[in-house]
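Data block below; observations after.
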Protein chains: 2
Amino acid sequence: MSIRVNFENNLEELKSKITEMGELSIVALERSFKALKTQDVEIALKVIEGDTAIDNLEIEINQFAIWIMAKEAPVSRDLREIIGVLKISSEIERVADFGVNIAKATIKIGNTTSLLDITQLEKMKDISIEMLRKALRSFLEENILLAKEVGDLEEDVDQYSAETYKRLTAYLSEHSEETNQLVQLLFVNRFLERTADHITNIAESTAYLIKGQIYDFNS
Amino acid sequence: MSIRVNFENNLEELKSKITEMGELSIVALERSFKALKTQDVEIALKVIEGDTAIDNLEIEINQFAIWIMAKEAPVSRDLREIIGVLKISSEIERVADFGVNIAKATIKIGNTTSLLDITQLEKMKDISIEMLRKALRSFLEENILLAKEVGDLEEDVDQYSAETYKRLTAYLSEHSEETNQLVQLLFVNRFLERTADHITNIAESTAYLIKGQIYDFNS
């Protein structure tokens, strides 16, 4: 097999691992939110346990990428692609971490009557998952238009987040007996806003590896 | 010059850039906390503006590391060292980001009477800076004992953080008129706890590049 074909095969394998990691992160986000919504500590614990698999995948991806670099010493675009994979896997790992954070908040909230309805958190979660799917497709198909769409969706999440912050703090000033839950929901609000930021970073890394130029979709 | 000498020189330059980035992050943390303590919006804005320099340094380090990999195709320990530099620079960048987050919280708090005294945030900041200095020295001197000390200090930060959370939420249930400031201080508490986590990651990356083995000082 030629070196070129070898490199392409290795890159394909890396990409399929990234896809797997992305799918697991989507599951983590969906599940952690389900746990939060249904106040199900069992599901929350599953999300926390499941995170090891995602962490291990990241380590595997890193080691594989290092092995490719050592073996094939890729240059220019190929090298950019490998570095892109390293960056994207670390961003996906952070998204999964936010799933774990939401699961932990769920456990801290316990089973007091849920105040989720006064927030826009579910919408933020839905948009974040849409963003992650687009960011992954954008990376796999090297589609810069999809990457730009991710940046646009992030603005929606930011708006819902600002609204949720206002609603939660207003409610908090009048219901001190709910302090614990409201503080945890304020954290979840931040986690989801940050999730969207990191997914935007994936889109930016993708844009960088397609165009060889640094983008900032966050601002 | 031999390839070896070249590589060593390049690595030294990378390390000096890491040191510079680390110093700037320490300044960012110190300043952001000073802004919080003295409720000085001017200083807070300086921290936010100063973050661009740190971000740029990270980009510079990444590009330089990529250039070294492309040019010299390092293997085994050399490669581990370059990958270590990439990981460490991204962790330092995150520490600096928490400085920015504290600065933003400062601005949101404004000039209502400070409630900082009921928290352990200053201690957490002091320990975090001590941890960062140790982690950087551990990396530069390839000293694994220092890396382990970082892991121990992180436990202290975690304890102060748990205590601060309790105090702030207890105070919050009785002083709803201070909701805004207290919520922001709860965020700062989390930022500092996460800062300590990321500094611990630096120590773990250092341990990995010294020993070629993955460590988890967080658990």
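None of the figures in this text is laboratory data; all of them are computed from the coordinates on show. Since this is a predicted model, take the numbers as computed values, not measurements. We place every Cβ from the backbone using ideal geometry, glycine too, and count neighbours over all the protein chains shown.
Need one number: the % of Cα-Cα pairs in the range A:128-204 sitting beyond the 21 Å mark.
Taking all Cα-Cα pairs of the range A:128-204, the fraction more than 21 Å apart is 38 percent.
Rounded to a whole number of µm²/s, how large is the Stokes-Einstein D of the protein assembly as shown at 25 °C and 0.890 mPa s, given Rh as the Kirkwood radius over C-alpha pairs?
It comes out at roughly 109 µm²/s.
Find which of A:ALA135, A:GLY212, A:LEU145 sits farthest along the positive direction of the dipole of the protein assembly as shown, computed with +1 on the beta-carbon of Lys and Arg, -1 on that of Asp and Glu, about the Cα centre.
Final value for the positive-end residue is A:GLY212.
With axes computed from alpha carbons, what is the tilt in degrees of helix A:76-109 against the longest principal axis of chain A, rounded to the nearest 10 within 0 to 90?
Helix A:76-109 and the main axis of chain A meet at about 20 degrees.
Go through the range A:165-170 residue by residue and turn each phi into a ³J(HN,Hα) via Karplus (6.51, -1.76, 1.60, θ = phi - 60°); whole Hz please, and just put x for glycine and proline.
Listing the rounded values in order: 4, 4, 5, 5, 5, 4 Hz.
Which distances, shortest first and in nm, link B:GLU155 to the matching position in the other copies, using label points set 7 Å out along Cα to C-beta?
5.0
For A:ASP55, place a label point 7 Å from Cα along the Cα-to-Cβ direction in every copy; what are the distances to the other copies, in nm, shortest first?
Here A:ASP55 shows inter-copy label distances of 3.0 nm.
When each copy gets a label point 7 Å from Cα toward the beta-carbon at A:LYS34, what are the spacings between them in nm, shortest first?
Copy-to-copy label distances at A:LYS34, shortest first: 5.1 nm.
Explain nothing, just the number: relative contact order of chain A, from Cα pairs under 8 Å at least 6 residues apart, as a whole percent. Present the calculation step by step, with values, prior to reporting the outcome.
On the way: 286 pairs, mean separation 55.5, N = 219.
Across chain A, relative contact order equals 25 percent.
Residue by residue through the range B:174-179, which ³J(HN,Hα) values in whole Hz follow from phi under the Karplus form 6.51 cos²θ - 1.76 cosθ + 1.60 (θ = phi - 60°), with glycine and proline marked x?
Computed from phi, the couplings for the range B:174-179 are 10, 10, 5, 5, 9, 3 Hz.
Compute the acute angle (0 to 90°) between the alpha-carbon long axis of helix B:3-38 and the principal axis of greatest extent of the alpha-carbon atoms of chain B; round to the nearest 10°.
10 degrees
Can you name the residue in chain B whose Cβ lies closest to the B-to-A rotation axis, and give that gap in whole Å?
For chain B, the closest residue to the axis carrying it onto A is B:ALA73, 2.
Once phi is turned into ³J(HN,Hα) by the Karplus curve 6.51 cos²θ - 1.76 cosθ + 1.60 with θ = phi - 60°, what whole-Hz value does each residue of the range A:120-126 show in order, with x for glycine and proline?
10, 4, 5, 4, 4, 5, 4
Taking the 0 to 90 degree range and rounding to the nearest ten, how far is the long axis of helix B:41-72 tilted relative to the main principal axis of chain B, both from C-alpha atoms?
Once rounded, the angle reads 20 degrees.
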